[in-house]
Amino acid sequence: MSLSKSSLLPNVLKNLFVSDVRIVRCSHFVYNPDPKPAINGERTKMNMFQAINNALDTALKTDQKAIVFGEDVGFGGVFRCTLDLQKKYGKSRVFNTPLCEQGIAGFGIGAAAAGSTAIAEIQFADYIFPAFDQLVNEAAKYRYRSGDQFDCGKLTIRAPCGAVGHGGLYHSQSPEAYFAHTPGLKVVIPRGPIKAKGLLLSCIRDPDPCLVFEPKALYRAAVEEVPVADYQLPLGKADILKEGKDITMIGWGTQVHVLSETAEILEKEYKISCEVIDLVSILPWDQDTVCRSVCKTGRVLVAHEAPLTSGFGAEIAATIQDHCFLNLEAPVARVTGPDTPFPHVFEPFYLPTKWRCIETALKLMDY
């Protein structure tokens with residue numbers, strides 16, 4: 001399919017300008033609820049922080065060795081994900097910690113190694129960096145360095161991540177790529193309440209240490225009919241949210257909803273068929289699903305909020321080049337944040353919006 005840049009880009013650039021003005025007043029995405037999962041039984045309406053709370057409640061109820069800890073989790077946390085859990089399970093199982101992320105991670109490693117199911121909250125993902133050494137040098141290597149005699153697999157770290165509209169440089173970052181470089185960890189990013197509950201329970205019960213980065217913009221914006229029952233969803237398995245034949249679009253977390261809206265506009269306005277993939281977890285990540293899609297479409301767009309250089313999109317692009325080179329009709333495109341600290345008032349210009357994704361998709365089609 002060949003399209004003329006001159007005929008298509010003016011409308012996109014016009015929309016880009018309009019979007020940048022509107023984004024100041026509203027979110028950069030429209031939330032798309034998941035279809036009902038194949039899980040029988042009762043469902044109830046929950047937003048994402050309620051679904052996470054429900055998952056933590058389930059874990060504490062079904063595992064007497066489970067403990068939840070972090071800064072301010074006793075009263076519910078700044079995002080209310082642990083609301084009322086201390087009242088229900090007591091201060092010995094749900095408790096506050098000092099304001100020390102390195103200490104939170106270190107305590108979690110020790111508790112998990114001693115037999116507890118440790119569930120830690122880092123209040124903002126931006127502040128996980130003081131715990132970086134504990135996570136990548138201790139948690140990730142504990143089993144390996146002991147020759148499988150010891151492990152801290154029952155360790156889960158939760159951390160709110162991503163843009164929220166007013167977070168600025170210390171409350172808006174997406175640090176997933178730092179940890180994706182570390183064998184021994186698993187890294188998960190949910191796109192909504194149904195996925196958040198099932199993935200969190202899978203992480204809590206996984207034999208390896210897991211990091212769950214929760215896009216904070218979805219805590220209240222994402223609402224779905226969530227199964228009440230105890231259920232788990234697979235790690236390392238991507239979801240194809242929309243099938244298509246012209247472009248493969250890959251994202252995770254909030255960006256999945258940006259790409260879903262992008263795909264709708266491209267199909268309606270330009271008759272371009274897009275396949276939208278939610279990677280779900282980036283360590284491990286589902287190379288098979290991605291490569292099958294790319295071999296079908298021949299064009300790829302990867303979008304993430306983190307900066308361009310060494311973002312996880314680079315790993316996806318390298319893998320696609322390695323396995324799908326002869327099927328590509330254009331270079332792999334990335335729509336990301338720029339290589340700058342996350343801004344405050346200029347956040348609308350930093351984020352990968354649908355208009356930036358549309359502009360890039362049209363260039364791919366016209367390559």
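Could you please let me know if residue 69 is under 12 Å from residue 156 (Cα atoms) and of a type in the set (Phe, Trp, Tyr)? When the stated conditions are applied, residue 69 passes them.
Taking the stretch 328-367 only, how many residues are crowded, with 22+ Cβ neighbours inside 10 Å and within 20 Å of the chain's Cα centre (by Cα)? Matching residues across the stretch 328-367 total 9.
Considering every residue within the stretch 150-159, establish whether at least one is in contact (Cβ under 8 Å) with a residue 60 or more places away in the chain, under 20 Å from residue 252 (Cβ atoms), outside any loop (DSSP other than H, G, I, E, B) and among the hydrophobic types (A, V, I, L, M, F, W, C). For the stretch 150-159, residues in contact (Cβ under 8 Å) with a residue 60 or more places away in the chain, under 20 Å from residue 252 (Cβ atoms), outside any loop (DSSP other than H, G, I, E, B) and among the hydrophobic types (A, V, I, L, M, F, W, C): absent.
Among the residues examined, residue 101 does not qualify as buried (at least 23 other Cβ atoms within 10 Å of the Cβ) and under 17 Å from the mean Cα position of the chain (by Cα). Scanning the stretch 80-98 for residues that are β-branched (Val, Ile, Thr) and over 22 Å from the mean Cα position of the chain (by Cα) yields 94, 97. Among residues of the stretch 106-121 that are outside any helix (DSSP H, G or I), those with a Cβ under 9 angstrom from a residue that is among the aromatic types (Phe, Trp, Tyr), sequence gap 6+ or separate chain, pair up as 118/69; 118/107; 119/69; 120/69; 120/107; 121/69.
Residue count for the stretch 220-249 under the criterion of being more than 28 Å from residue 140 (Cα to Cα) and of a type outside the set (A, V, I, L, M, F, W, C): the result is 10.
Screening residue 127 against (1) touching a Phe, Trp or Tyr at 6+ places or on another chain (Cβ under 9 Å); (2) closer than 25 Å to residue 258 by Cβ; (3) of a type outside the set (Lys, Arg) leaves a single unmet condition, (2). Of the helices (runs of 4 or more DSSP H) lying entirely inside the stretch 206-300, those containing at least 2 residues that are assigned by TED's automatic domain parsing to the domain that holds residue 150 and surrounded by fewer than 24 Cβ atoms within 10 Å (Cβ to Cβ) are 218-221. Screening the candidates 102, 123 for the property of being touching a helix residue (DSSP H, G or I) at 6+ places or on another chain (Cβ under 9 Å), more than 28 Å from residue 192 (Cα to Cα) and among the polar types (S, T, N, Q) yields one hit, 102. Test residue 92 against the stated conditions and say whether it is touching a residue at least 60 places away in the same chain (Cβ under 8 Å) and either part of a loop (DSSP other than H, G, I, E, B) or assigned by TED's automatic domain parsing to the domain that holds residue 257 (or both). No: the conditions fail for residue 92. Scanning the stretch 123-132 for residues that are in contact (Cβ under 8 Å) with a residue 12 or more places away in the chain, touching a Leu at 6+ places or on another chain (Cβ under 9 Å) and in a loop (DSSP other than H, G, I, E, B) turns up at least one hit.
Filtering the stretch 136-194 to residues that are surrounded by fewer than 18 Cβ atoms within 10 Å (Cβ to Cβ) and of a type in the set (Gly, Ala, Ser) leaves 146, 147, 165, 168. Selection of first residues in the stretch 196-214 that are without any contact (Cβ under 8 Å) to a residue 60 or more places away in the chain and of second residues that are assigned to a helix (DSSP H, G or I) and buried (at least 21 other Cβ atoms within 10 Å of the Cβ), restricted to Cβ pairs under 7 Å at least 6 apart or on distinct chains, gives the following pairs, ordered by first then second residue: 210/203; 212/199; 212/200; 212/203.
Every condition in (1) farther than 19 Å from residue 232 by Cβ; (2) crowded, with 22+ Cβ neighbours inside 10 Å; (3) not hydrophobic (A, V, I, L, M, F, W, C) is met by residue 88 except one, and the failing one is (2).
The values are calculated or read from the model by the stated rules, or taken from the named source; none is laboratory data. The model shown is predicted, which means the values in this text are computed figures rather than measured ones. Note that each Cβ is placed from the backbone with ideal geometry, even for glycine, and that neighbours are counted across all protein chains shown.
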